[in-house]
Amino acid sequence: MSKALVATQASEAPASGASGARQFWRRLRAQRAAMVAAGTVALLVLVALAAPLLTALEGQDPTTYHSALVDSARGGVPIGSLSGISSDHWLGVEPQTGRDLFARLVHGARVSLGVALAATTVQVVLGVVVGVTAALGNRWVDQLLSRATDIIVAMPLIIMALALLAVVPSGFPRPVLVSLIIGFVAWGTIGKIARAATLSLKNLDHVAAARLSGWSTWRIARRELLPGLAAPVITYAALMVPSNIAIEASLSFLGVGVKPPTPSWGQMLTSANVWYQAAPQYLLLPAGALFVTVLALTVLSDGVRTALDPRAASRLRVGTGRRQEAQANAVAETAKTNAVQEAGS
């Protein structure tokens with residue numbers, strides 16, 4: 001009977017998965033703020049991927065110095081209005097060096113987004129593997145991995161990253177190194193989420209049926225548990241991406257992240273903190289890009305969380321449509337109650 005139950009569930013899995021994907025997409029589309037955020041994120045990713053093409057259209061690159069475009073007598077302030085904006089330099093040039101700001105901004109998007117996505121991937125893989133192994137292992141394995149996860153969670157991320165980045169040879173590619181360090185130091189929380197979800201799922205009837213059918217632990221985890229982990233893992237992963245962008249920017253701002261001449265938004269902020277009066281554009285462009293990116297990813301992650309769990313209300317309600325709907329429902333309920341009372345009297 002257990003084999004028949006497992007076979008029936010396996011045959012129904014694709015249809016239910018497809019139905020679940022359609023429901024998720026419908027719920028996500030119903031959230032206007034989340035869709036605007038998704039469009040913003042898609043545009044940022046497109047700009048990052050097309051950075052070489054965009055800079056080729058402008059005719060510039062992010063590393064070439066243009067000393068003739070800065071006034072050395074004034075300490076390297078860009079010549080011209082708005083930091084030297086022209087048809088050749090769409091957003092002006094960098095103080096002191098004269099490097100093109102547009103080229104550095106779009107290439108910096110590749111570094112910031114790439115580091116954040118790579119670090120999030122490492123965090124998800126490590127967290128899910130450790131969490132599922134702890135939940136499915138014996139008592140000693142669970143205790144060992146749970147205590148290791150507690151240590152990882154308790155570690156101060158920025159301090160650990162600063163220490164590790166300071167001792168690694170400078171020849172190692174910095175974007176890759178920053179991604180690995182963030183991923184290996186900050187997987188603890190998602191490991192706890194994966195363990196808790198697995199402990200809850202492994203007691204369900206379909207998992208017990210698969211176990212009685214003689215399935216191996218790996219097959220049960222792959223076929224029965226991992227699909228159930230998708231919702232909490234995707235939700236938390238979406239929240240980690242903006243956090244990792246901010247961490248990369250912080251490390252680059254402190255001078256231990258991505259090294260010049262590779263552009264990064266955090267690195268640009270480090271160089272711009274003394275030019276906010278003479279060349280405010282140099283500070284506002286990377287700061288604005290970081291703000292828009294983190295805000296869009298945060299709103300999108302909240303929309304994903306709400307779409308995956310429709311019982312949970314969004315933390316970032318945007319607009320007045322829902323308030324107006326709630327007020328209309330309250331008025332309708334009051335009118336209905338009054339009508340019932342009048343009919344009874």
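The values are calculated or read from the model by the stated rules, or taken from the named source; none is laboratory data. Keep in mind that what you see is a predicted model, and the values were worked out from it rather than measured. Note: ideal-geometry Cβ built from the backbone for every residue, glycine included; neighbour counts use all protein chains shown.
The lone criterion from (1) under 16 Å from LEU285 (Cβ atoms); (2) under 24 Å from the mean Cα position of the chain (by Cα); (3) at pLDDT 90 or above left unmet by SER112 is number (3). Scanning region 277-308 for residues that are under 16 Å from GLY98 (Cα atoms) and among the hydroxyl-bearing types (Ser, Thr, Tyr) returns a single hit, TYR282. Within region 250-270, the set of residues being buried (at least 19 other Cβ atoms within 10 Å of the Cβ) and of a type in the set (Ser, Thr, Tyr) comprises SER252, THR262, SER264. Cβ-Cβ distances below 9 Å connect the following pairs, each with a first residue in region 157-172 that is more than 10 Å from VAL185 (Cβ to Cβ), a second residue that is at pLDDT 85 or above and hydrophobic (A, V, I, L, M, F, W, C), and a separation of six or more residues or different chains: LEU162/LEU251; LEU165/LEU177; LEU165/VAL178; LEU165/ILE181; LEU165/LEU251; VAL168/LEU177; VAL168/ILE181. Among all residues of region 148-161, there is none that is within 27 Å of ALA231 (Cα to Cα), assigned to a helix (DSSP H, G or I) and more than 26 Å from the chain's Cα centre (by Cα). Annotation: of all residues in region 276-296 being surrounded by 18 or more Cβ atoms within 10 Å (Cβ to Cβ), under 16 Å from VAL77 (Cα atoms) and touching a residue at least 24 places away in the same chain (Cβ under 8 Å), the one that is farthest from the chain's Cα centre (by Cα) is ALA279. In region 236-271, the qualifying residues are those that are without any contact (Cβ under 8 Å) to a residue 24 or more places away in the chain and not hydroxyl-bearing (Ser, Thr, Tyr), and the one that is farthest from ALA197 (Cα to Cα) is PRO260.
Looking only at region 224-242, filter to residues that are surrounded by fewer than 19 Cβ atoms within 10 Å (Cβ to Cβ) and of a type outside the set (A, V, I, L, M, F, W, C); which one of those is modelled with the highest pLDDT? Ranking the qualifying residues of region 224-242, first place goes to PRO232. For region 269-286, the set of residues classified as modelled with pLDDT of 85 or more and within 16 Å of LEU254 (Cβ to Cβ) consists of PRO286 only.
Return the residue satisfying two criteria in turn: it lies in region 165-181 and is assigned to a helix (DSSP H, G or I) and at pLDDT below 85, and of such residues it is nearest to ILE245 (Cα to Cα).
For region 165-181, the residue satisfying everything is LEU165.
Could you please let me know if ILE247 is within 30 Å of LEU136 (Cα to Cα), crowded, with 19+ Cβ neighbours inside 10 Å and at pLDDT 85 or above? No; evaluated as a whole, the condition is false for this residue. Search region 32-87 for residues being within 14 Å of GLY108 (Cα to Cα) and among the small types (Gly, Ala, Ser), and hand back the single one that is surrounded by the fewest Cβ atoms within 10 Å (Cβ to Cβ). Among residues in region 32-87 that are within 14 Å of GLY108 (Cα to Cα) and among the small types (Gly, Ala, Ser), the one surrounded by the fewest Cβ atoms within 10 Å (Cβ to Cβ) is ALA50. Total residues in region 50-109 satisfying the condition of being in a helix (DSSP H, G or I), over 32 Å from the mean Cα position of the chain (by Cα) and not basic (Lys, Arg): the figure is 5.
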